[in-house]
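Written below as structure tokens is the structure these notes are about.
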Amino acid sequence: MTDKIPVTVLTGYLGAGKTTLLNRILTEQHGKKYAVIVNEFGEIGIDNELVVGADEEVFEMNNGCICCTVRGDLIRILDGLMKRKGKFDAIIVETTGLADPAPVAQTFFMDQDVSDAARLDAVVTVADAKWLSDRLKDAPEAKNQIAFADVIILNKIDLVSPQELDEVEGRIRAINPYAKVHRTQNCAIPITDVLDRKAFDLDRIIEIEPSFLEEGHHHHHDEEMQSVSVHLDGEVDPEKFMPWISNLTQVEGPNILRCKGIVAFPDEPKRFVFQGVHMILDGDVQGEWKPGEKHTSKVVFIGRDLNEKAIREGFLACAA
């Protein structure tokens with residue numbers, strides 16, 4: 001994992017402040033070089049001109065609303081970048097405000113060359129404190145962007161009252177209880193809170209979500225977005241678990257925006273950590289169980305129309 005180039009996917013609805021955040025990242029003194037890929041909707045990319053002309057190079061993906069176009073474009077640009085490995089420390093992909101981040105995130109699991117060279121570090125969503133509640137009512141993309149996020153920057157907090165701010169954060173938590181939320185004005189946030197988060201790394205998952213491995217049934221309900229988490233005291237049988245998770249994501253994939261989990265297998269000294277986007281799954285063993293530590297297993301799904309009872313029973317039936 002360590003020598004793979006970290007990639008941050010930056011998303012958020014139109015006007016939330018993505019470009020402000022990107023400019024901040026590119027102009028601050030951090031001594032790092034970033035390659036930036038801008039996914040612009042429409043024939044002519046204007047975002048490109050808004051992004052400060054630092055040393056970083058900006059690549060454009062155009063007409064990025066069709067999943068396969070985005071993926072093809074992204075793979076082509078990434079392949080080109082990998083040939084110049086060493087010229088930059090990390091990659092930032094800024095998606096169009098109308099985009100579902102899924103196809104971009106999926107690229108890092110689906111294409112072998114890409115997944116060999118780069119790792120998805122985190123999905124960062126910028127949300128507009130003033131307008132998010134309205135967008136959640138009329139724009140499904142806005143909801144997807146919140147559901148997908150590992151880190152959420154709740155921006156423009158100066159435009160709302162403290163009570164409104166608490167309400168909008170409540171809406172965010174109802175959709176995605178697992179993301180780390182930062183409240184900002186003009187996206188003023190330490191860069192380390194956004195980049196190199198290792199949100200798909202076990203230790204970091206637990207740092208971001210201390211309750212990830214804890215007992216308890218967290219079930220938050222937005223009108224149409226759900227999060228379902230199932231906790232099992234003990235180990236799961238890989239012979240049952242692997243077919244179950246694979247089948248579940250194939251059948252329910254379109255409804256599952258994100259899933260992740262940490263599970264214990266018998267006779268395996270390390271935890272098995274997996275994450276997925278729709279139907280695409282990626283997993284690996286990492287982080288040894290400590291001597292005497294209780295082996296527990298937990299899975300989390302965020303999506304729409306999820307059959308909670310079936311997910312719960314299915315996972316518990318995988319017990320070793």
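The values are calculated or read from the model by the stated rules, or taken from the named source; none is laboratory data. Quick caveat, the model's predicted, so the values are computed rather than measured. Note that each Cβ is placed from the backbone with ideal geometry, even for glycine, and that neighbours are counted across all protein chains shown. Keep in mind that these areas ignore ligands, DNA and RNA; they rest on the heavy atoms of the full protein, side chains included. Shrake-Rupley method; radii C 1.70, N 1.55, O 1.52, S 1.80 Å.
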Inside region 264-279, the number of residues satisfying the requirement of being closer than 14 Å to residue 301 by Cβ and part of a strand (DSSP E or B) is 4
Residues in region 74-95 that are open to solvent by 10 Å² or more (accessible area, probe 1.4 Å) and in contact with a helix residue (DSSP H, G or I) (Cβ under 9 Å, 6 or more places away or on another chain) total 6
Taking region 222-243 and keeping only residues that are closer than 18 Å to residue 307 by Cβ and open to solvent by 40 Å² or more (accessible area, probe 1.4 Å), one is left with 223, 224, 243
Here the residues within region 280-295 that are part of a strand (DSSP E or B) and of a type outside the set (A, V, I, L, M) are 282, 283, 284, 286, 287, 288
When (1) part of a loop (DSSP other than H, G, I, E, B); (2) surrounded by fewer than 16 Cβ atoms within 10 Å (Cβ to Cβ); (3) aliphatic (A, V, I, L, M) are applied to residue 310, the one that fails is (1)
Residues of region 280-307 being out of contact with any Lys or Arg (no Cβ under 8 Å at 6 or more places or on another chain) and open to solvent by less than 20 Å² (accessible area, probe 1.4 Å), in sequence order, are 296, 297, 298, 306
Going through (1) in a helix (DSSP H, G or I); (2) open to solvent by less than 10 Å² (accessible area, probe 1.4 Å); (3) within 20 Å of residue 152 (Cα to Cα) one by one, residue 106 fails only at (2)
Note on region 250-261: residues within 20 Å of the chain's Cα centre (by Cα) and surrounded by fewer than 19 Cβ atoms within 10 Å (Cβ to Cβ) are 250, 253, 254, 255
A careful count of residues in region 169-183 that are touching a residue at least 40 places away in the same chain (Cβ under 8 Å) and open to solvent by less than 60 Å² (accessible area, probe 1.4 Å) gives 8
Of the listed residues (188, 264, 199), the one being surrounded by 14 or more Cβ atoms within 10 Å (Cβ to Cβ), among the aliphatic types (A, V, I, L, M) and at pLDDT 85 or above is 264
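Per-residue answers, yes or no, for (1) among the hydrophobic types (A, V, I, L, M, F, W, C); (2) in contact (Cβ under 8 Å) with a residue 60 or more places away in the chain; (3) in a loop (DSSP other than H, G, I, E, B); (4) at positive phi:
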site: 231; (1), (2), (3), (4): no, yes, no, no
site: 241; (1), (2), (3), (4): yes, yes, no, no
site: 250; (1), (2), (3), (4): no, no, no, no
site: 262; (1), (2), (3), (4): yes, yes, no, no
site: 299; (1), (2), (3), (4): yes, yes, no, no
Expected output for region 2-14 (first residue touching a residue at least 12 places away in the same chain (Cβ under 8 Å) and farther than 15 Å from residue 197 by Cβ, partner among the basic types (Lys, Arg) and open to solvent by less than 50 Å² (accessible area, probe 1.4 Å), Cβ below 8 Å, 6+ apart or cross-chain) is 12/18
When every residue in region 20-38 that is open to solvent by less than 30 Å² (accessible area, probe 1.4 Å) and farther than 15 Å from residue 108 by Cβ is compared, the one modelled with the lowest pLDDT is 38
